[in-house]
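Q: Take this structure first; my questions come after.
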Amino acid sequence: MSLVPPKLLQKLARLGLSTRKRAAGARQGERRSIRRGQSQEFADHRQYVPGDDLRFLDWHLYGRLDTLWIKLFEEEEDRVVQLLLDCSESMEGDKLQFARQLAGALAFVALGRTDRVAVAGLSDGLSHYAPPRRGRASTNAIFNTLEAVVASSGTDLGRALESYPRQRGAGIALLFSDLLYEEPLEIVLKRLLSRNSEVHIFHILSPVDLRPDIYGDVVLVDQESGEEMHVSVNERTLDRYEATVHAWAEETEATCRRLGAKYVRVPTTASLEDVILRDLRRLGIVS
């Protein structure tokens, strides 16, 4: 069974990942760069210096100013779309599966526009990594890599990012995570932004994250640390918990906006098609 339904892939075929800024890529492609190159899109002039290519002299400007000027053009380059999946143990189950599918769908979109796509699984270190691939022919390889990302170990995204190879040029970093870790999100975001990437955070939440299906006297066990806590749960406790989770999610969204990252809250019960074709379109992440 395909990671992403074939019928959805057909609907995604003409979409592209949007970007808010120009960036210098590493290889030639479709996207407009801040570098000056030799495409057909005129950008500016600069004065001629010995050694410049004479084919780009502007003879009309020479006739008016009696000085030599070189025509500059926009260089079209690609970018790296980085799929960063939190694969700590708290993601095990429906959250990681939804993250794989959403990442796969966005990878398919990116591969159709000459972008290169890299995959990394992040837990308390770099647990999975596949270097950038390019072109729709790489779809199956990307999907296989995503399916190989399994939940294991604890969470230390800061340490994992230190092991994650820096990509040449700039691009888009897509982080898929439940954000359940002790390190402040602000530190993780600043590390990603320092790599000259546009950052999108996909906050993956399951129904039990929002309101656990438990009642009475129970023992809660931290899935990653094994720490136990004895609690008595009733409707009032669940209401307070749910309100706390929503407040935390709103604070997280505010932090992302303040630092210049886009935030998308994604419940695992959502339709993958609706998330991409409705929500991400509305937010301007795909177009």
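None of the figures in this text is laboratory data; all of them are computed from the coordinates on show. Bear in mind the structure is a predicted one, so any value in this text is a computation, not a measurement. A quick note on method: Cβ atoms are made from the backbone with ideal geometry, for glycine too, and the neighbour counts reach across all protein chains shown.
Q: Per-residue HN-Hα couplings for the stretch 124-137, Karplus 6.51 cos²θ - 1.76 cosθ + 1.60 at θ = phi - 60°, whole Hz, x for Gly and Pro?
A: 9, x, 7, 8, 9, 7, 10, x, x, 10, 9, x, 4, 5
Q: Could you calculate the contour length gain from Met229 to Arg265, that is, 0.36 nm times the residue separation minus the distance between their Cα atoms, to one decimal place in nm? Could the numbers behind the result be given before it?
A: On the way: separation 36, 0.36 × 36 = 12.96 nm, distance 2.79 nm.
Gain on extension, Met229 to Arg265, equals 10.2 nm.
Q: Treat every Asp and Glu Cβ in the stretch 219-287 as -1 and every Lys and Arg Cβ as +1, leave all other atoms uncharged, and give the resulting dipole magnitude about the Cα centre to the nearest 20 debye.
A: Working: 9 positive and 13 negative charges, 121 e Å.
Around 580 debye, computed over the stretch 219-287.
Q: Another question about this same structure. Any lysines with Cα under 20 Å of the Lys190 Cα? List them, leaving off those in the same chain fewer than 8 positions away.
A: Lys190 reaches Lys21, Lys262.
Q: While we're looking at this one, here's another question. Can you give the FRET efficiency for Val150 and Asp53, using 1/(1 + (r/R0)^6), R0 = 51 Å, r = Cβ-Cβ distance, to the nearest 0.05?
A: 0.45
Q: When we measure straight from the Cα of Lys71, which aspartates and glutamates land under 16 angstrom away, once same-chain ones fewer than 8 places off are left out?
A: Glu41, Asp44, Asp52, Asp53, Asp58
Q: Taking the mean number of other Cβ atoms within 10 Å as a proxy for protection, how do you rank 209-215, 129-135, 153-159 from highest to lowest?
A: 153-159, 129-135, 209-215
Q: Label the stretch 76-191 by shape, choosing from rounded, prolate and oblate, from the square roots a ≥ b ≥ c of the eigenvalues of the Cα gyration tensor; if a/c is under 1.5 it is rounded, and otherwise prolate applies when a/b is larger than b/c, oblate when it is not.
A: Verdict is oblate for the stretch 76-191.
Q: Pull up all non-local amide H partners of Leu68: gap of 5 or more, or a different chain, and H-to-H distance under 5 Å with H placed in the peptide plane.
A: Those lying under 5 Å, H to H, from Leu68 are Tyr48.
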